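Q: Here it is, the structure in full.
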Amino acid sequence: MSPKAKKTSPADRAEAILRDIALDYPEAYEEFPWGERAIKVRGKIFTFVNRTKEGGSSVTVKLPESSKEALLLPFTEPTHYGMGKYGWVTCRFAANEEPPIDLLEDWIDESFRAVAPKKLVAALDDEEPTPALKKKATKKKPTKKATPKKKPATKKKTVTKKPAAKKKPTRRKKP
């Protein structure tokens, strides 16, 4: 081993592998809002891949289909800040713990498919968009609506308000 070579931890390797997996999706890119690595597609986050303060790794994904099953695992929890109720799940691993890369890869895929536009997901699957998507993509020519016949203008009646009746002052009784 050369003096410059660094020994990498399981967390380092997992972070690099999961980052590469996420960035392999079409139009995926990373940004660093709040100091965390967020992988996005067309402006929407579909995964966070980060290191924890303790030196471990953390992965956050949106799992609309499998979040309930995922939350049964000991290394998962609902994502904080109220995101858990929308299917976001956070996985945390110790620095010396080897994360289940295959499972996390499946979850990153589910998260991408949940967040990415349907056309992009269809292109990922090498499928033609469904007819519903084709309808949205094509612009319809505006149809002429029948204009209602105009009624002849009528004079508006003016309503005059009567002044409020004056109240008579009440007299106090002397004690």
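Q: Can you give me the number of residues within the range 81-91 that are over 21 Å from Thr8 (Cβ atoms) and assigned to a strand (DSSP E or B)?
A: Residues of the range 81-91 over 21 Å from Thr8 (Cβ atoms): 81-90.
Imposing the further condition that a residue be assigned to a strand (DSSP E or B) reduces the set to 88-90.
Going through the range 81-91 one residue at a time, the tally reaches 3.
Q: State whether one or more residues within the range 142-161 are modelled with pLDDT of 90 or more, exposed (fewer than 12 other Cβ atoms within 10 Å of the Cβ) and over 21 Å from Lys40 (Cα atoms).
A: Going through the range 142-161, the residues modelled with pLDDT of 90 or more turn out to be none.
Within the range 142-161 (the criterion being modelled with pLDDT of 90 or more, exposed (fewer than 12 other Cβ atoms within 10 Å of the Cβ) and over 21 Å from Lys40 (Cα atoms)), the answer is no, since none of the residues qualifies.
Q: On to the next question. Please go through the range 1-41 and pick out each residue that is at pLDDT below 85 and among the β-branched types (Val, Ile, Thr).
A: The answer is Thr8, and nothing else.
Q: With the requirement that a residue be in contact with a strand residue (DSSP E or B) (Cβ under 7 Å, 6 or more places away or on another chain), aliphatic (A, V, I, L, M) and not in a strand (DSSP E or B), what does the range 42-80 give you? First the steps, then the outcome.
A: The initial filter retains those residues of the range 42-80 that are in contact with a strand residue (DSSP E or B) (Cβ under 7 Å, 6 or more places away or on another chain), namely 45-52, 56-63, 67, 70-71, 75-79.
Still in the running and aliphatic (A, V, I, L, M): 45, 49, 59, 61, 63, 70-71.
Within the range 42-80, Leu63, Ala70, Leu71 meet the criteria.
Q: Need pairs with beta-carbon distance below 8 Å; first residue closer than 28 Å to Lys119 by Cβ and touching a residue at least 12 places away in the same chain (Cβ under 8 Å) and within the range 11-40, second assigned to a helix (DSSP H, G or I) and among the acidic types (Asp, Glu); sequence gap 6+ or separate chains.
A: Leu18/Glu105; Ile21/Glu105
Q: Follow-up. Of all residues being among the charged types (D, E, K, R) and surrounded by 14 or more Cβ atoms within 10 Å (Cβ to Cβ) in the range 41-100, which is nearest to Ile17 (Cα to Cα)? Just the residue, please.
A: The first filter runs over the range 41-100 and keeps only residues among the charged types (D, E, K, R), leaving 42, 44, 51, 53-54, 62, 65, 68-69, 77, 85, 92, 97-98.
Within this subset, residues satisfying the condition of being surrounded by 14 or more Cβ atoms within 10 Å (Cβ to Cβ) are 51, 62, 77, 92, 97.
Working: Arg51: 13, Lys62: 19, Glu77: 22, Arg92: 16, Glu97: 15 Å.
Looking at residues that are among the charged types (D, E, K, R) and surrounded by 14 or more Cβ atoms within 10 Å (Cβ to Cβ), I get Arg51.
The values are calculated or read from the model by the stated rules, or taken from the named source; none is laboratory data. Only a predicted model underlies this, so the values are computations on that prediction, with no experimental measurement involved. All Cβ positions, even for glycine, are placed from backbone atoms using ideal geometry, and neighbour counts span all protein chains on display.
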